[in-house]
Amino acid sequence: MSDLTKLTMAEARDGLRKKAFTALELTDAFLSAIEQANPVLNAFVLPTPEHARAQAKESDKLIAAGKARPLEGLPIGNKDLFCTKGIRTTACSKILDDFKPPYESTVGQNLWDAGAVMLGKLNNDEFAMGSSNETSAFGSVVSPWRRRGADGKLSADKLVPGGSSGGSSAAVAADLCLAATATDTGGSIRQPAALTGTVGIKPTYGRCSRWGIVAFASSLDQAGPIAKTVRDAAMMLKAMASHDPKDSTSVDAPVPDYEAAIGLGVKGLRVGVPREYRVEGMSKEIEKLWDDGIRWLKDAGATIHDITLPHTKYALPAYYIVAPAECSSNLARYDGMRYGLRVNGENLIDTYEKTRAAGFGKEVRRRILIGTYVLSAGYYDAYYLKAQKVRTLIKRDFDEAWGKVDVVLTPTTPSPAFAFGEKTGDPLAMYLEDIFTVTVNMAGLPGMSVPSGLSSQGTPLGLQLIGKPFDEETLFRTAQVIEDAAGRFRVPAKWWMKG
Amino acid sequence: MQVDEATVRRIARLARIKITDTEAKALEKELSGILDWVRQLDEVDTASVEPMTRVVAQKLKMRDDVVTEGDIADAVTANAPMTDDHYFVVPKIVE
């Protein structure tokens, strides 16, 4: 049998329907790929082979009975930010210790109800705070991609898979799962997708329920998939999205069939190119990538329009007030009393302080402190209120743009994948990774990253599409045009495999 | 905006995170750097702008005030570091 792990999700669905292989065979193929790769790539923090095989067997029964559900028997990875009933969930933080949730996240439940098989829990930056997956308590994830030197040989330097959904992006790129769940607060789906040649979509705020997802910044957090192709991402999002009475910010609106939007083309579609995204010091290859994207859409019948989003440069500083402020409130619950780690001190306050010092990593502590500062007495108006007002202006920029265009095209990241430690010394350098993605969260819009080319060193680059609220369908049809023009980008060698 | 060591210690106390002397020194520099950088928002005139409260306008749904899930004390206390007969055991609070 050919290597089943190389299939796209849509191809695997077809194969199962035609009974070319069973769900158990497909699942076993991924489990053995994970067993080989994980000691090197560290994408999974908890493989769940027994759970996966039990789900696959159930799927095979339903397929045999002609009762297959939309994602029947399709193996996926689940970011460790999603609570899994009875299965350890840590947000890749020491503070959650050996936490076994007594409930399942709504997004996860939707996927299992659609027939998907969970292969395990995926690594991420601690509490989803990071852009390189270097802040995880379980250690960094290694990208399956490697740079190609001038001699044409692959370098042994370890590259980051992006973050915070670095386990998701690496696992999908390395064929360790068909697709993966992910979350995006400032770019955590789109940036890792761009750095690994995968497709990632953050839907409109409210499209997916946040219930049962470990909270970081509640007004920005949103779940979405990372997948191998645009079609696969459409299959995943359709299953993940729903209205949920348990999340008051989830929207009660029908979820369209995103797959049906693929293939509609972009004839007559108005594509906006915001001049403010041509930032100083942007690399030549990113500029070329952007020009390629513009050309592909134009060739497919779209019209291109220069637009202006004047408050773009203020999105990142405003984000670094809003996100830490909400993080400091959300993470106040980790007090060592009801679940997770407890380090005993001399009295109650000492116990709190020792527990939180031992349980939270450096970046998480830094963000809690910033958030505590901007929310502290006397500073609220100057920081948090100011940032929320700037947010109104950022959203207004987009509202005005929607009068002229249907979708916005930008690069996803300012530069290609970087090596370990390259940006860990200076928090501000790491924060700049999110410069093109963060505006989308601030305005609550849907955003998608599509693989669009390779850097001069042979590593992937992505283009970002930004849409109107709840118009994910336009993102899917536009993304498909880019994928058709650019082709797919696979890792050149599975160097982690033995023999 | 410069954050001094005393402020760092005050915030850390408010956030209930113990910090060492070395950490306090490093944080003084890091927090000042980040807070200086976000001050560029002062360039934006927001005098007549309303702060954003929701990204998508929608009316909050009301539900009946009833118990929907009960009798799950086992599940609620299952992950606690210390429990006794469905109670969370915590350090002494009142002397």
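Tabulated values for the structure
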quantity: Rounded to the nearest 20 debye, dipole of the range A:62-215 from Cβ charges on Lys, Arg, Asp, Glu; calculated: 220 debye
quantity: Assigned charges on the beta-carbon of Lys, Arg, Asp, Glu; chain A dipole about Cα centre (debye); calculated: 300 debye
quantity: Relative contact order [Cα under 8 Å, 6+ residues apart], chain A, whole percent; calculated: 18 percent
quantity: Dipole of chain A, positive direction: furthest Cα of A:I63, A:V450, A:L178, with charges on the beta-carbon; calculated: A:I63
quantity: The range A:1-143, relative contact order in percent, only Cα pairs under 8 angstrom and at least six apart counted; calculated: 27 percent
quantity: For the range A:402-419, Karplus couplings with θ = phi - 60° (6.51, -1.76, 1.60), whole Hz, Gly/Pro x; calculated: 5, x, 10, 9, 9, 8, 10, 10, 9, x, 7, 10, x, 7, x, 4, 10, 8
quantity: C-alpha long axis of helix B:21-38 to longest principal axis of chain B, angle in °; calculated: 70 degrees
quantity: Cα lying deepest toward the dipole's positive end in chain B, options B:V94, B:T77, B:V56, charges on Cβ; calculated: B:V56
quantity: Convex hull of Cα atoms in the protein assembly as shown, direction-averaged projection (nm²); calculated: 28.6 nm²
quantity: Simple Cβ-charge dipole of the range A:42-130, Lys/Arg +1 and Asp/Glu -1, about Cα centre, in debye nearest 20; calculated: 220 debye
quantity: Chain B, relative contact order [Cα under 8 Å, separation at least 6], %; calculated: 20 percent
quantity: Average partner coverage of A:417-429, which counts Cβ from other chains inside 10 Å; calculated: 1
quantity: Karplus-derived 3J(HN,Hα), 6.51/-1.76/1.60, for each residue of the range A:334-345, Hz, glycine and proline x; calculated: 7, 10, x, 9, 9, 6, x, 5, 9, 10, 6, x
quantity: Cα→Cβ-extended label distance, 7 Å offset, between B:V66 and A:E400, nm; calculated: 5.0 nm
quantity: Neighbour cut-off at most 10 other Cβ (10 Å), DSSP loop, trypsin sites (Lys or Arg not before Pro), the range A:157-232; calculated: none
quantity: Whole-Å distance, taken between Cα centres, linking the range A:146-217 and the range A:91-141; calculated: 13 Å
quantity: Efficiency of FRET between A:S456 and A:H243 - r from beta-carbon atoms, R0 35 angstrom, step 0.05; calculated: 0.15
quantity: Gyration tensor verdict on the range A:75-181 (Cα atoms; rounded if a/c is under 1.5, prolate if a/b is larger than b/c, oblate otherwise); calculated: oblate
quantity: Residue order for A:D247, B:D71 - accessible surface, 1.4 angstrom probe, largest first; calculated: B:D71, A:D247
quantity: Distant-in-sequence amide H partners of A:F44 (H built 1.01 Å from N, under 5 Å); calculated: A:N123
quantity: Cα-based helix-to-principal-axis angle, B:5-14 vs chain B, degrees rounded to 10; calculated: 20 degrees
quantity: Interchain or long-range residues, amide H under 5 Å from A:D406's placed H; calculated: A:R270, A:V271, A:G272
quantity: Top positive-direction residue, dipole computed over chain A with Cβ charges, set A:G162, A:V438, A:A217; calculated: A:G162
quantity: Inter-chain shielding of B:26-37 (mean C-beta neighbours from other protein chains, 10 Å cut-off); calculated: 4
quantity: Point-to-point label distance, A:A253-A:I304, nm (Cα→Cβ direction, 7 Å offset); calculated: 3.0 nm
quantity: Calculated FRET efficiency for the pair A:K494/B:D4, C-beta based, R₀ 60 Å, to 0.05; calculated: 0.70
quantity: Order by protection proxy (mean Cβ within 10 Å, highest first), peptides A:461-467, A:36-42, B:87-93, B:56-62; calculated: A:461-467, A:36-42, B:87-93, B:56-62
quantity: Chain B, accessible surface, carbon-and-sulfur percent (1.4 angstrom probe); calculated: 52 percent
quantity: Inter-centroid distance (Cα atoms) of the range A:225-271 relative to the range B:1-67, Å; calculated: 33 Å
quantity: Pairwise FRET efficiency - A:K100 versus A:V40, Cβ, R0 = 41 Å, nearest 0.05; calculated: 0.90
quantity: Shielding score for A:374-384, defined as the mean number of other chain Cβ atoms within 10 Å; calculated: 2
quantity: Flagged links, alpha-carbon separation over 19 Å, of A:K202/A:K238; A:K202/A:K423; A:K94/A:K202; A:K85/A:K121; A:K57/A:K494; A:K202/A:K298; calculated: A:K202/A:K423; A:K94/A:K202; A:K57/A:K494; A:K202/A:K298
quantity: In the A-B interface, the accessible area buried, summed over both sides, Å² (probe 1.4 Å); calculated: 5100 Å²
quantity: Derived scalar couplings ³J(HN,Hα) [the range A:177-183; Karplus, 6.51 cos²θ - 1.76 cosθ + 1.60; whole Hz; x for Gly, Pro]; calculated: 6, 6, 6, 8, 7, 7, 9
quantity: The protein assembly as shown: antiparallel DSSP beta bridges as a percent of all, rounded to 5; calculated: 70 percent
quantity: Amide hydrogen neighbours beyond the local backbone of A:S188, cut-off 5 Å, H modeled; calculated: A:S164
quantity: Cα gyration tensor, chain B - rounded (a/c under 1.5), prolate or oblate; calculated: oblate
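The values are calculated or read from the model by the stated rules, or taken from the named source; none is laboratory data. Keep in mind the model is a prediction, meaning the values are calculated, not measured. Here Cβ is always computed from backbone atoms with ideal geometry, including for glycine, and neighbour counts include all displayed protein chains. To get the accessible areas, we keep the full protein, side chains included, count just its heavy atoms, and leave off ligands, DNA and RNA. Shrake-Rupley method; radii C 1.70, N 1.55, O 1.52, S 1.80 Å.
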